[in-house]
Amino acid sequence: MILRCAIFDLDGVLVDTAKYHYLAWKELAAKLGFDFSPQQNERLKGVSRMDSLNILLEVGRMRERFTAEEKEKMAQEKNARYVAYISKMDSSELLGGAEALLRQLRKRGIKTALGSASKNSQLILQKVGIASLFDVIVDGNDVSHAKPDPEVFTLGADRLQIPYQDCAVFEDSEAGLQAAKRAGMAAIGIGERKNLPSADVVYQDLTQFPAERYFKFIQ
Ligand code: B16
Ligand code: MG
């Protein structure tokens with residue numbers, strides 16, 4: 001493949017917003033009368049807002065208790081708490097290597113795209129100061145199918161008119177890596193190999209990514 005487009009997941013790759021999701025969900029759980037642990041929060045990473053709420057309610061053994069309307073209200077309430085947290089973010093919360101890699105890619109003429117499940121991605125990118133480093137932003141507001149469906153990645157490639165086989169996806173979730181593979185894109189895992197079986201290759205974080213080696217070909 002010739003690398004022509006790099007697509008980045010947001011939470012877990014460029015920033016760690018999982019901790020704010022956790023606080024906001026934990027507050028909702030406390031209001032509903034049950035505890036929510038950091039381990040349980042792992043199940044919510046990369047998962048859409050409503051699917052996350054369903055998992056939370058399952059943890060609290062109250063999944064069947066609420067109407068769709070009530071659940072919509074709870075999701076909105078959680079989001080308001082979450083937005084209050086992320087509104088205080090700044091560039092110090094960018095994960096290591098993120099900004100440098102984005103700049104390096106753009107300098108080489110490689111397009112950059114965001115492919116995130118979050119509906120708050122624009123706010124987060126602005127707060128940490130990297131919104132202008134993306135050629136296209138695709139997030140939870142644009143798609144109707146969640147990862148492992150490849151829609152959030154294929155839409156970005158389509159908008160940039162780049163063939164899928166020339167795209168590489170940076171992802172910290174197994175579902176996101178499966179989505180990349182389904183699209184025929186290179187799947188670069190960020191995190192630990194044992195959690196990311198679908199990745200073509202795994203790096204601990206973006207500082208470990210050997211960009212120079214990838215500029216022409218991906219093995
Ligand atoms: P929001 P990503 C995902 O971001 C998060 O990992 C996940 O925990 C969250 O539920 C989802 O975004 C939706 O976020 O409530 O802000 O729309 O990893 O796909 O960048
Ligand atoms: Mg993620």
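Taken together, the values in this text are just the output of simple stated rules run on the coordinates, not laboratory data. As the structure is a prediction and not an experimental result, all values here were calculated from the model. Counting neighbours? That spans all protein chains shown, and the Cβs are built from the backbone with ideal geometry, glycine included.
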Kindly state, to the nearest 0.05, the FRET efficiency for Asn79 paired with Asp158, given R0 = 30 Å and r defined as their beta-carbon distance.
0.60
Note to self: C-alpha centroids of region 1-58 and region 141-188 sit apart, in Å, by 19 Å
Taking the Cα atoms of region 30-141, report the difference between the largest and smallest coordinate on each principal axis, in whole Å and largest first.
53, 24, 22
Let me know the shape class of region 89-219, please: from the alpha-carbon gyration tensor, a ≥ b ≥ c as square roots of the eigenvalues, rounded when a/c is under 1.5, otherwise prolate if a/b is greater than b/c, or oblate.
rounded
Over region 1-55, the quotient of the Cα radius of gyration and 2.2 N^0.38 Å is 1.44
What do you get for GluC sites (Glu not before Pro) in region 10-88 restricted to DSSP loop and a cutoff of at most 11 other Cβ within 10 Å of the site's Cβ?
Glu64
List the trypsin sites (Lys or Arg not before Pro) within region 5-61 that fall in a DSSP loop (any state other than H, G, I, E or B) and whose Cβ has at most 14 other Cβ atoms within 10 Å.
Arg61
Classify region 30-84: rounded, prolate or oblate, from the alpha-carbon gyration tensor (a ≥ b ≥ c, eigenvalue square roots; a/c under 1.5 rounded; otherwise prolate if a/b is larger than b/c)?
rounded
Among Ala100, Ala24, Met74, which residue has its Cα positioned farthest towards the positive end of the charge dipole of the chain, with +1 placed on the Cβ of Lys and Arg, -1 on the Cβ of Asp and Glu, and the dipole taken about the Cα centre?
Ala100
Could you give the dipole magnitude of region 115-219 about its Cα centre, charging the beta-carbon of Lys and Arg +1 and that of Asp and Glu -1, in debye to the nearest 20?
100 debye
Per residue Cα convex hull volume for region 101-155, in cubic angstrom?
80 Å³
Based on alpha-carbon atoms only, what is the radius of gyration of the chain relative to the globular estimate 2.2 N^0.38 Å?
1.02
Based on other C-beta atoms within 10 Å, arrange Phe153, Phe66, Phe134, Phe8 from fewest to most.
Phe66, Phe134, Phe8, Phe153
